[in-house]
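Enquirer: Sending over a structure as structure tokens; questions will come in a sec.
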Amino acid sequence: MTCLIIDDNPIARTTISHLAGQVTDMDVICEYSNAMDAYNYLQTNTVDLLLLDIEMPGMSGLELTRNLKDKDVLIIFTTSKKEYAVEAFELNVADYLVKPVKPGRFLQAVGKAREILDSKKEDVRFTNDEFIFVRDSSIVRRLRLDDILYAEAMGDYVKFYTSQKIYAIHGTMKSAEEKLPLSKFIRVHRSYIVALSKIDTLQEGGLVVGGQFLPVADAYRKSLNSRMNIF
């Protein structure tokens, strides 16, 4: 997994570089003290991942991310500020780390990025109301819609959860919502679509599917209650 480290603080760059150096499949190609130099590099070069600070002189990390929308690169923000989290995730970044970055949390974020990269081997095709076909390398696997518990947005990918496996497919939640049959699935949050038949319980603030608690946004609660015939 090739990556760039972009941070105006040399101590922070050293810390992140040290963490990355302990992960066997991570290769730090270059370190930059400002976003503009990284932007220029990425115009003619490709990497898998950016470990990116937000508050920097000149172009911020958020601005760099917006200017890389046409680039196939994953981004993990590394910042001392918590208040940018909502805006960051709206940009579909892989993860958001708050400094000082702990090793365990760093590995968790890298794991998310690795999962997305691995999923690039997969593609998905919706055929009817019964199945989707997932391409994994040269093999096309049939997945029953009835086996899907829920879908989750993660960066530029949608993860389909079953009881046996997770499929991460390149695409948007809007596309998934349009293609999944309304008779079987419902949007409950900007990041989640659930299978109606797989909902175990409803509770304040969310629901449980397959033993996993998922949030329900206020904007979707009335529609969900109606579909569940809740009095």
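What follows draws every value from the coordinates through simple rules; no lab data is involved. Keep in mind that what you see is a predicted model, and the values were worked out from it rather than measured. Heads up, the Cβs are rebuilt from the backbone with ideal geometry, glycines too, and the neighbour counts pull from every protein chain shown.
Enquirer: Give the Rg/Rh ratio for the chain, taking Rg as the radius of gyration of the Cα atoms and Rh as the Kirkwood radius, to two decimals.
Expert: Reported Rg/Rh, Kirkwood definition of Rh: 1.01.
Enquirer: Please state, as a whole number in µm²/s, the translational diffusion coefficient that the Stokes-Einstein equation yields for the range 2-118 at 20 °C and 1.002 mPa s, with Rh defined as the Kirkwood radius across alpha carbon pairs.
Expert: On the way: Rh = 13.9 Å.
The Stokes-Einstein estimate is 154 µm²/s.
Enquirer: Please work out the C-alpha center-to-center distance from the range 157-184 to the range 48-85 and express it in whole Å.
Expert: So the separation of the two Cα centres works out to 26 Å.
Enquirer: Provide the per-residue ³J(HN,Hα) series for the range 43-56, in order, calculated from phi with Karplus coefficients 6.51, -1.76, 1.60 and θ = phi - 60°, each as a whole number of Hz, with x at glycine and proline positions.
Expert: Result, rounded to whole Hz: 6, 10, 9, 10, 9, 7, 8, 10, 9, 10, 6, 9, 8, 9.
Enquirer: What lysines sit close enough to Lys174 to cross-link, taking a C-alpha to C-alpha distance under 26 Å and skipping anything fewer than 8 places away on the same chain?
Expert: Once the sequence-local lysines are set aside, what remains near Lys174 is Lys69, Lys71, Lys112, Lys120, Lys121, Lys159, Lys165, Lys184, Lys198, Lys222.
Enquirer: Sticking with this one: Just from its helices, what would the mean residue ellipticity at 222 nm be for the chain, if runs of 4 or more DSSP H residues each count -39500 (n - 2.57) and the sum is divided by every residue, rounded to the nearest 500 deg cm²/dmol?
Expert: Calculated from helices alone, the mean residue ellipticity at 222 nm is -8000 deg cm²/dmol.
Enquirer: State, to one decimal in nm², a quarter of the convex hull surface area for the C-alpha atoms of the range 127-227, i.e. the direction-averaged projected area.
Expert: On the way: hull surface 25.5 nm².
It is 6.4 nm².
Enquirer: What ranking of Val47, Val194 emerges when the number of other C-beta atoms within 10 Å of each C-beta is taken as an exposure proxy, fewest first?
Expert: Val47, Val194
Enquirer: Using the 10 angstrom Cβ neighbour count as an exposure proxy, how do Asp48, Asp118 rank, fewest first?
Expert: Details: Asp48 20, Asp118 11.
Exposure proxy ranking, most exposed first: Asp118, Asp48.
Enquirer: With a cap of 10 neighbouring Cβ atoms within 10 Å, and only residues DSSP puts in a loop, list the chymotrypsin sites (Phe, Trp or Tyr not before Pro) found in the range 3-73. Present the calculation step by step, with values, prior to reporting the outcome.
Expert: Working: sites: Tyr32, Tyr39, Tyr41; in loops: none.
Taking the range 3-73 and a limit of 10 other Cβ atoms within 10 Å, no loop chymotrypsin sites (Phe, Trp or Tyr not before Pro) are found.
Enquirer: Then there's this: Cross-link partners among aspartates and glutamates for Lys81, C-alpha distance below 17 Å, same-chain residues fewer than 8 apart left out?
Expert: Asp7, Asp8, Asp53, Glu55, Glu63, Glu90, Asp95
Enquirer: Cut-off 10 angstrom, C-alpha nodes, Gaussian network model of the chain. Which of Glu63, Glu55, Glu178 fluctuates the most?
Expert: Glu178
Enquirer: Can you work out ³J(HN,Hα) from phi for every residue in the range 10-15, in order, using Karplus 6.51 cos²θ - 1.76 cosθ + 1.60 and θ = phi - 60°, giving whole Hz and x for Gly and Pro?
Expert: x, 5, 5, 4, 5, 4
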